[in-house]
Amino acid sequence: MDQTSKQKLASRIDPIVDSYGREHRSLRISVTDRCNIRCFYCMPENVKFLPQNSILSFEEIRQVVEILACHGVNRVRITGGEPLVRSEIWNLVSQLKSVSGIDEIALTTNGILLSDQAQKLKDSGLDRINVSLDSIDPVKFKEITRRDALDKVFAGIDAAILAGFDNIRINAVSVRGISETEVIPLVSWAQQKGLHLRFIEFMPLDGDKAWQDQQVFTGAMMRKIIEEEFGTLSPVVRARSSQPSVDFQLRGDGPQIGFIDSVTEPFCSSCDRMRITAEGKLRNCLFSTEEWDLKQLIRSNGSVEQIELLIREGIRHKKLGHGSDTGRFVRPDRAMYQIGG
Ligand code: SAM
Ligand code: SF4
């Protein structure tokens with residue numbers, strides 16, 4: 001963006017608001033649909049990935065983030081697919097870090113390539129890392145991810161701690177019939193390592209389209225199992241009203257445990273998130289069935305005003321709730337790895 005456009009934008013900041021008054025402050029940007037494992041709840045074993053030239057370049061991503069930052073978006077999460085398979089992702093981090101108005105850059109990863117990249121990511125200015133890990137048992141890990149890579153994830157987490165990331169969160173998707181045995185070992189391990197563990201309910205966003213509501217291992221069920229083993233969980237006041245997890249403190253002053261009960265207790269009323277897919281489509285919700293084509297506009301030299309208008313149009317169409325807890329739910333065509341979790 002040239003200097004004049006930036007000045008024009010800065011002089012008329014007004015937040016991006018949907019038709020229910022929710023101001024949008026947070027962007028999740030998917031940088032690839034590729035991945036080095038195949039979690040059954042996300043990606044099919046055989047998958048046709050997007051061609052390289054249809055994926056937004058770092059420069060194109062930066063252009064959109066600059067526009068959004070001028071309208072109150074101050075937090076960016078880099079995701080995918082697996083963001084660390086994108087070449088030199090730390091260069092994107094440092095580019096976004098320099099965008100005025102962006103206060104926090106975070107990244108969600110499966111951790112497999114983290115041992116090589118943690119220090120570069122830290123040096124480039126990355127503020128936070130979430131690592132997804134559903135089991136600390138190698139056999140179960142392989143059953144879930146269809147790959148044998150648990151040691152690499154552990155090495156990645158240790159490298160991130162060594163690099164100085166002090167607020168690492170572990171995200172564990174929980175599926176009924178699979179995860180019951182994983183809850184206690186994960187909690188014990190996370191408490192020992194001093195890591196903030198969050199359990200996520202299995203959402204109907206799997207590439208195989210095999211999700212069934214009986215497979216939702218609810219946050220309430222998990223809390224019961226944890227309390228039976230470790231004692232009462234004390235609720236913690238939310239740091240930010242838009243945060244998706246409800247956090248609890250386990251006895252003493254150990255790390256918190258969070259629950260993202262997206263299916264049974266959706267948190268849509270305080271949602272401030274928008275998403276951009278790897279091929280540059282704006283989505284106003286994980287469960288949206290509509291998308292707005294930013295890439296097409298960027299690549300046809302659309303003006304800053306046109307891009308802003310398209311973003312506002314997409315957000316204006318955001319529904320009050322995704323409805324996955326109701327009988328009126330319409331499942332989106334795209335799976336999690338295609339959207340960016
Ligand atoms: N590959 C990276 C990773 O796994 O952390 C980033 C992308 S992944 C799509 C982002 C998050 O979505 C991960 O924490 C993953 O466990 C979660 N996820 C994927 N499919 C899901 C589903 N069907 N329901 C709930 N969470 C899901
Ligand atoms: Fe890959 Fe993340 Fe999807 Fe697992 S959840 S298949 S690591 S993109």
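The values are calculated or read from the model by the stated rules, or taken from the named source; none is laboratory data. Worth saying up front: this structure is predicted, and the values here are computed from it rather than measured. Reconstructed Cβ throughout: ideal geometry from the backbone, glycine too, with neighbour counts over all protein chains shown. SASA here: full protein model, heavy atoms, side chains in, ligands and nucleic acids out. Shrake-Rupley method; radii C 1.70, N 1.55, O 1.52, S 1.80 Å.
Summary table below
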item	result
Qualifying residue in the stretch 240-249 (condition: at pLDDT below 90 and either more than 18 Å from R75 (Cα to Cα) or open to solvent by 60 Å² or more (accessible area, probe 1.4 Å) (or both))	yes
Options W292, W211; residue that is without any contact (Cβ under 8 Å) to a residue 24 or more places away in the chain and either more than 30 Å from E180 (Cα to Cα) or under 20 Å from the mean Cα position of the chain (by Cα) (or both)	W292
From V153, V139, V173, residue being within 12 Å of ligand 1 (Cβ to nearest atom), under 27 Å from G219 (Cα atoms) and in a helix (DSSP H, G or I)	V153
Those residues of the stretch 292-341 which are outside any loop (DSSP other than H, G, I, E, B), in contact with an Asp or Glu (Cβ under 7 Å, 6 or more places away or on another chain), open to solvent by 40 Å² or more (accessible area, probe 1.4 Å) and more than 16 Å from ligand 1 (Cβ to nearest atom), in sequence order	R316
Count - residues of the stretch 71-108 that are within 19 Å of the chain's Cα centre (by Cα), aliphatic (A, V, I, L, M) and over 28 Å from D134 (Cβ atoms)	3
Every residue from the stretch 251-289 that is part of a loop (DSSP other than H, G, I, E, B), in contact with a Lys or Arg (Cβ under 9 Å, 6 or more places away or on another chain) and farther than 26 Å from L92 by Cβ	P255, F287, T289
Selected residue (criterion: farthest from ligand 1 (Cβ to nearest atom)) from residues of the stretch 82-99 that are part of a loop (DSSP other than H, G, I, E, B) and closer than 23 Å to H24 by Cβ	S98
Counted residues, the stretch 109-130 - those being surrounded by fewer than 23 Cβ atoms within 10 Å (Cβ to Cβ) and within 17 Å of the chain's Cα centre (by Cα)	3
Of the criteria (1) among the hydroxyl-bearing types (S, T, Y); (2) open to solvent by less than 20 Å² (accessible area, probe 1.4 Å); (3) at pLDDT below 90, which one S262 fails	(3)
